[in-house]
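Reviewing the structure listed below.
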Amino acid sequence: MPHLHAHRRRRGLPAALAALVAAPLVALSSPSVTAAEPAPESAPESAPLAASDFRGVNWAMPGDNFTDDAVVPEGLSESDSYDTVRAKATAVYDGFRSSIGANTVRLPINFDSYPGTAWGDAYAGAVDAATASGFNVIISMWEGESSNGRIDDMAGFDAMWDAVVDRWGSDSRVHFEPMNEPHGYSAGEWADIAAAWIADRPTVPRERIFVSGHGYNGDVTSVCGDSRLDGTYLSLHLYAFQFGEMSYDAWRDTFDSRIGDCGSRTVLDEFGAPLDDGRDYNDPDSGDNFVRYIRAATDTVRSQGMGAVYWPALGGKHTNRPDHDWYSLYALGGSGTDLTLTLRNASIVDRLHHAWAAGGAQATTPSQGGRS
């Protein structure tokens with residue numbers, strides 16, 4: 001999500017990662033699970049996914065993922081072991097699947113959160129749990145609070161990604177997004193960095209790579225038109241707060257202008273709106289700008305055959321509410337590894353299913369505590 005940066009301390013490379021809104025509210029519980037061994041099994045080779053096959057959510061840390069320290073998604077703790085992270089994550093993914101039918105999770109990393117760092121070795125359990133649960137994973141790199149949208153340690157950046165690719169390069173469910181919201185670069189500069197990332201890692205199939213649109217991921221037309229990036233997925237972010245109020249048609253025009261003819265390669269892997277105040281995203285005649293925006297976003301995804309990954313499922317900014325992001329899809333409950341999720345808004349699930357139908361997904365009714 002676009003972010004206003006504060007002063008940042010420099011650091012070296014580490015030494016070594018509603019609700020069912022209708023009353024009564026029902027938590028979607030997942031059982032405690034037994035963690036597997038740390039070493040993941042390689043996923044079998046499979047045909048490349050269409051962009052529309054990515055139907056999912058972002059799992060973020062409280063306060064957003066722009067941090068100068070380890071990035072720790074909500075529900076996890078930096079003191080957790082690999083086995084504990086994997087058990088917690090399995091419970092969370094079970095909730096994502098049973099409540100909305102998600103098949104994709106987007107996870108953040110940074111210089112303090114990748115394999116070979118103290119937290120990253122434990123945090124790897126979140127990726128391994130996802131692939132073991134049949135989820136697609138998009139691993140995206142966030143820079144720190146005051147990076148101004150640029151990579152402040154290129155050697156560290158390369159070392160981080162080399163470690164990530166070494167860990168999951170053989171797992172076909174894991175996808176790599178070299179940088180989230182590279183807004184400190186011009187469109188041309190960013191395309192050069194993305195092309196260099198690809199060239200430096202020739203073993204990574206292009207269909208396992210997500211190239212961010214330039215700026216705040218806000219326009220994919222330039223990266224789509226760069227032949228050096230052919231065969232990759234493209235990552236788009238658009239939010240209502242970045243613009244003034246618009247009609248539904250103006251929102252559709254805005255999305256279309258940022259996508260061009262590139263919808264079949266594009267995943268809208270960040271978009272969101274308030275979910276904790278009873279807005280009805282199913283109302284086609286709403287005078288609410290957020291409702292018009294969400295309806296335009298999901299209609300665009302469906303009509304262009306795109307993928308969609310909501311921001312956020314858990315975590316995110318505490319700007320409008322003291323203890324949660326008002327865009328967050330779930331309230332987190334439970335304890336230990338027996339975590340529970342409660343949906344904040346049922347109508348947004350209908351809109352997600354509408355968007356995901358571009359990939360042939362079957363709409364499912366949120367479960368009353370059951371699991372699939």
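The values are calculated or read from the model by the stated rules, or taken from the named source; none is laboratory data. Model, not experiment: these values are computed from the prediction. Positions of Cβ are generated from backbone atoms using ideal geometry, with glycine treated the same way; all protein chains shown enter the neighbour counts.
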Residue list for region 164-194, restricted to those being surrounded by fewer than 18 Cβ atoms within 10 Å (Cβ to Cβ) and either among the charged types (D, E, K, R) or within 20 Å of V105 (Cβ to Cβ) (or both):
D166, G169, S170, E189, D192
Selection from region 93-112 of residues that are in a helix (DSSP H, G or I) and among the hydrophobic types (A, V, I, L, M, F, W, C)
F96, I100
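If you take the residues in region 50-63 that are crowded, with 21+ Cβ neighbours inside 10 Å and not aliphatic (A, V, I, L, M), which one is nearest to V174 (Cα to Cα)?
F54
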Restricted to region 29-63 and to residues being acidic (D, E) and part of a loop (DSSP other than H, G, I, E, B), the residue modelled with the highest pLDDT is E45
Given the conditions (1) under 15 Å from D261 (Cα atoms); (2) crowded, with 17+ Cβ neighbours inside 10 Å; (3) under 21 Å from the mean Cα position of the chain (by Cα), and given that W197 satisfies all but one, which numbered condition is not satisfied?
(1)
Only one of R228, R252 is out of contact with any Phe, Trp or Tyr (no Cβ under 8 Å at 6 or more places or on another chain), under 20 Å from V301 (Cβ atoms) and assigned to a helix (DSSP H, G or I). Can you tell me which?
R252
Checking the condition at pLDDT 95 or above and under 20 Å from the mean Cα position of the chain (by Cα), which residue from E145, E177 passes?
E177
Of all residues making up region 322-338, the number that are under 21 Å from the mean Cα position of the chain (by Cα) and either part of a loop (DSSP other than H, G, I, E, B) or crowded, with 24+ Cβ neighbours inside 10 Å (or both):
8
Would you point out which residue out of R201, R208, R265 is in contact with a His (Cβ under 7 Å, 6 or more places away or on another chain) and among the basic types (K, R)?
R208
Working only within region 89-108, note down all residues that are within 10 Å of L341 (Cβ to Cβ) and among the aliphatic types (A, V, I, L, M).
A91, V92, I100
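Table: residues versus (1) at negative phi; (2) modelled with pLDDT of 95 or more; (3) surrounded by fewer than 24 Cβ atoms within 10 Å (Cβ to Cβ).
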| position | (1), (2), (3) |
| --- | --- |
| N65 | yes, no, no |
| S77 | yes, yes, yes |
| A87 | yes, yes, no |
| F96 | yes, yes, no |
| S99 | yes, yes, no |
| S113 | yes, yes, no |
In region 328-354, the residues that are touching a Phe, Trp or Tyr at 6+ places or on another chain (Cβ under 7 Å) and within 20 Å of L76 (Cβ to Cβ):
L329, L341, T342
Just a yes or no: is a residue in region 283-300 assigned to a loop (DSSP other than H, G, I, E, B) and buried (at least 19 other Cβ atoms within 10 Å of the Cβ)?
no
Could we say that S235 is crowded, with 24+ Cβ neighbours inside 10 Å and modelled with pLDDT of 95 or more here?
yes
Residue under evaluation W356, criteria (1) more than 18 Å from the chain's Cα centre (by Cα); (2) modelled with pLDDT of 95 or more; (3) in a helix (DSSP H, G or I), criterion not met
(1)
Determine, yes or no, whether T117 is within 21 Å of D64 (Cβ to Cβ), of a type outside the set (D, E, K, R) and buried (at least 24 other Cβ atoms within 10 Å of the Cβ).
no
Test W161 against the stated conditions and say whether it is buried (at least 17 other Cβ atoms within 10 Å of the Cβ) and touching a helix residue (DSSP H, G or I) at 6+ places or on another chain (Cβ under 9 Å).
yes
